[in-house]
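> Please read through the structure below; I'll follow up with questions.
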Amino acid sequence: MKKNFNPVILFLTISIFGIVNAQVKMNFKFDIPYGNNQDVGKFVEINGAKIYYEEYGKGEPLLLIHGNGADIHSMGNQIDYFKSKYRVIIADNRGQGKSELKTDSLTYTQIAKDWDGLVQFLELDSINIIGWSDGGIIALKMGINNKSKIKKIVAMGANLRPDTTAVNSWAPKSVRERDVEIMKKIAKGDRTQNLNLSHQLLGLLLNQPNISHKDLQKIKAPVLIIGGDRDIIKNEHFVEIFENLPKAQLCIMPGETHFTPASNPELFNEIVYRFLSKPFRRPDSNWTKWKR
């Protein structure tokens, strides 16, 4: 079965990214109906909300965490690739896909707690994590919280703060304009769409996260910070995150964007698998440290 994923809902169920697929061609056609697979899909109540998740493959557990306004299906390229190598576990984040919202103030902290709850429910001794966009932020927060034993983290297109020191200025400007439109509709009593959810998702982008360098120092697991050289996140911000992690590697992919996991999954998956499958190393070019 093949399903065409609508790029309009990728990272936000609003029109901001509706033109993305016209500029950056992304693949969302899979033989398996990821995100709507009745053979493997399950619900579990975590922190007062029903969370929907699916599992594929066997072996070492690997969590896949999707971006803002997306769902399980958006990471189908990663499920396809990694399910032959790992026990892939992927969920719809709170309020997205099939998972319940059950809050009027959605936070990355809450979503991270939900994921830690899922890890506990599944009785996973240790995990690896691949997070894309918001998923990368959530992965970092799980590392900071240290509630689950994490072997390695891959954070694709993540940021520490929502301002223009971290994010290219056109992004928050566009998000803010859309949020103003939504609030006007809500004020007029418009109930034709789930405007409250859209407002909360936009709030994540506009007001969160707020992760300090001190917070990053709490992450014990090796982290791969990865992004495109024309990402939503500024290149210098990727470097900032990398430089403030105890154990990290940095990859800024040439000629790539925020959407590489779907537009060039071959490149993305290969880089990520190399990081996950090989022992962590952080060599140094400083020959003055080398023993003679």
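> In the range 125-186, which trypsin sites (Lys or Arg not before Pro) fall in coil by DSSP and have 16 or fewer other Cβ atoms within 10 Å?
Within the range 125-186, the qualifying trypsin sites (Lys or Arg not before Pro) (loop, at most 16 other Cβ atoms within 10 Å) are K147, K149.
> Here is a follow-up. Expressed in nm to one decimal, what extension gain is obtained for the pair D31 and Q120 from 0.36 nm per residue of sequence separation less their Cα-Cα distance?
Working: separation 89, 0.36 × 89 = 32.04 nm, distance 3.06 nm.
Between D31 and Q120, full extension yields 29.0 nm more.
> To the nearest 20 debye, what is the magnitude of the charge dipole of the chain about its Cα centre, counting +1 on the Cβ of each Lys and Arg and -1 on the Cβ of each Asp and Glu?
660 debye
> I need to check one value: relative contact order of the range 154-292, counting alpha carbon pairs closer than 8 Å and at least 6 residues apart, in percent.
Reported relative contact order: 28 percent.
> Give me S277, S105 sorted ascending by neighbouring Cβ count inside 10 Å, so fewest comes first. Please report the intermediate quantities before stating the final value.
Details: S277 12, S105 7.
Neighbour counts put them in this order, fewest first: S105, S277.
> Sort V44, V88, V167 by Cβ crowding within 10 Å, fewest neighbours at the top. Intermediate results must be reported in sequence, preceding the final value.
Details: V44 16, V88 24, V167 20.
Lowest count first: V44, V167, V88.
> Along the Cα→Cβ direction, 7 angstrom out, place labels at E181 and F43. What is the inter-label distance in nm?
Placing both labels 7 Å beyond Cα along the Cβ direction yields 3.2 nm.
> Could you tell me the relative contact order of the chain? Use alpha-carbon pairs under 8 Å, at least six residues apart, and round to a whole percent.
16 percent
> Among H73, H213, H66, which comes first, second and so on when ranked by fewest other beta-carbon atoms within 10 Å?
Fewest-to-most ranking of H73, H213, H66: H213, H73, H66.
> For a 30 Å ceiling on Cα separation, which of these pairs sit above it: K42/K188; K58/K98; K42/K152; K42/K247?
Distance filter (> 30 Å) returns K42/K188; K42/K247.
> What is the Cα centroid distance between the range 204-223 and the range 275-292, reported in whole angstrom?
Using only Cα atoms, the two centres lie 25 Å from each other.
> Go ahead and set up a Gaussian network model of the chain, Cα springs under 10 Å, then flag whichever of G131, G255, G35 fluctuates most.
G255
Since every read-out is calculated from the coordinates, none of them should be taken as a lab result. Predicted model, so just to flag it, every value in this text is computed and none were measured. Counting neighbours? That spans all protein chains shown, and the Cβs are built from the backbone with ideal geometry, glycine included.
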